[in-house]
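Here the structure comes first, spelled out in structure tokens, and everything after it is commentary.
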Amino acid sequence: MIKTVVRTVSCVIIVVCAILGAYTVAFYSTDNDDLGIRMVCLLYEYDSTDEIAGRDETIASLCTPEVYNQLSPDNSEHFEATYGRIGNYETQVKIVFTRPGLIVYALDSAVTYPTDLWVFEYRIKDGLFSSVQEYKLVGTRTDSGGGLF
Amino acid sequence: MDKVKKALDPITCIVVLAAVLLYVLLFYTRSLQEARVTRATEPNPVVTAFLTDYLASDTDYQREAVVEQYFLVSSDSIDRDGFSETFYKVNAVFQPATEKPESFRVCASQRNYLEIMPLDSKGADLPCRVAIFYRITDNGKISSYNIARLQPVSKRDPEWRRNWL
């Protein structure tokens, strides 16, 4: 009886760990930059700012509470600094350069210069964005091909 | 006691051990993958050497000489005063009217990317940070590059500076 219980519990643990392990590898084994790209697109690619509220839960699920408070549309200071540059216009994110923890992108909308460059730096811990820093690249623009060089 | 002994037969022990090992491996794998996502690389020595020499230069002619030493500079890009387009671009980032950086510290480093904080003569930060994107030729010259200041999006960020609007 004990042997059966021990073996059953162990087998359940093995199966659960195998599934979680496969999920973890799949989650992180896509391009290193996919997580950051996904977040940048969630934040800044939309047809109108009305869509942002609908993504609130998804964004919150990907961030620690501190980062979510920083990026949340309810953060008026962040909203003005980021969405204020785009406005309520259809916006597309153009990824220009990526490295682990770093996304350089441009915004294509009616009110932005598509050659302006923005930086999204991030760290991930326990599967959540634990640190995010956002910058504008001042003093440079994309090259004629939309790239960095 | 006999029941416990019977429960711990070799097969059961192996199964339990496998469960424990997989459990440990799961968390190890996760930490490895997370580290890989945000892994930094060593700063490129060509770029750091350029920055060191450039910031140590006292005159524009010295800075131009440093630029030509480390960058692939086309002679077509040199103007009548003897300064290259690269010199002007780098100068615009590092030589604002108000602050003259004399050294730097590395903030982040990835392949083809270096992020630094310029420092004054006393070692104090001179925000905003500088982002340098580069490609290096096989013979150690910077062939392609982009350089800019990183102005925080948030005005409340302590590194936000009005002069880098």
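The values are calculated or read from the model by the stated rules, or taken from the named source; none is laboratory data. As the structure is a computational prediction, the values presented were derived from the model and not from experiment. Here the Cβ is made from the backbone with ideal geometry for all residues, glycine too, and neighbour counts use every protein chain on show.
The requirement of being at pLDDT below 95, over 17 Å from A:Val119 (Cβ atoms) and among the polar types (S, T, N, Q) is fulfilled somewhere in region B:113-122, by at least one residue. Looking only at residues that are assigned to a loop (DSSP other than H, G, I, E, B) and touching a residue at least 40 places away in the same chain (Cβ under 8 Å) in region B:78-111, which one is surrounded by the fewest Cβ atoms within 10 Å (Cβ to Cβ)? This residue is B:Thr98. Which one is surrounded by the most Cβ atoms within 10 Å (Cβ to Cβ) among residues in region A:108-126 that are touching a residue at least 24 places away in the same chain (Cβ under 8 Å) and out of contact with any helix residue (DSSP H, G or I) (no Cβ under 7 Å at 6 or more places or on another chain)? Of everything passing the filter in region A:108-126, A:Leu117 is surrounded by the most Cβ atoms within 10 Å (Cβ to Cβ). When B:Asn163 is tested against (1) in contact (Cβ under 8 Å) with a residue 24 or more places away in the chain; (2) within 11 Å of another protein chain (Cβ to nearest Cβ); (3) surrounded by 14 or more Cβ atoms within 10 Å (Cβ to Cβ), only condition (3) is not met.
For residues that are of a type in the set (Val, Ile, Thr) and at pLDDT below 90, scanning just region A:52-101, find the one that is surrounded by the fewest Cβ atoms within 10 Å (Cβ to Cβ).
My answer is A:Ile52.
Return yes when B:Val130 is more than 12 Å from chain A (Cβ to nearest Cβ), touching a Pro at 6+ places or on another chain (Cβ under 9 Å) and under 20 Å from A:Tyr122 (Cβ atoms) and no when it is not. No.
In the condition set (1) of a type in the set (Phe, Trp, Tyr); (2) within 11 Å of chain B (Cβ to nearest Cβ); (3) crowded, with 16+ Cβ neighbours inside 10 Å, A:Tyr105 is compliant with all but (2).
The sole residue among A:Thr64, A:Thr115 that is among the polar types (S, T, N, Q) and closer than 22 Å to B:Ile147 by Cα is A:Thr115.
Scanning region A:121-142 for residues that are more than 18 Å from B:Leu150 (Cβ to Cβ) and within 8 Å of chain B (Cβ to nearest Cβ) yields A:Ile124, A:Lys125, A:Asp126, A:Gly127. Checking each residue in region B:112-146 for being hydrophobic (A, V, I, L, M, F, W, C), buried (at least 20 other Cβ atoms within 10 Å of the Cβ) and touching a residue at least 40 places away in the same chain (Cβ under 8 Å) picks out B:Leu114, B:Ile116, B:Ile132, B:Ile142.
Among the conditions (1) closer than 26 Å to A:Val119 by Cβ; (2) part of a helix (DSSP H, G or I), B:Tyr61 misses just one, which is (1).
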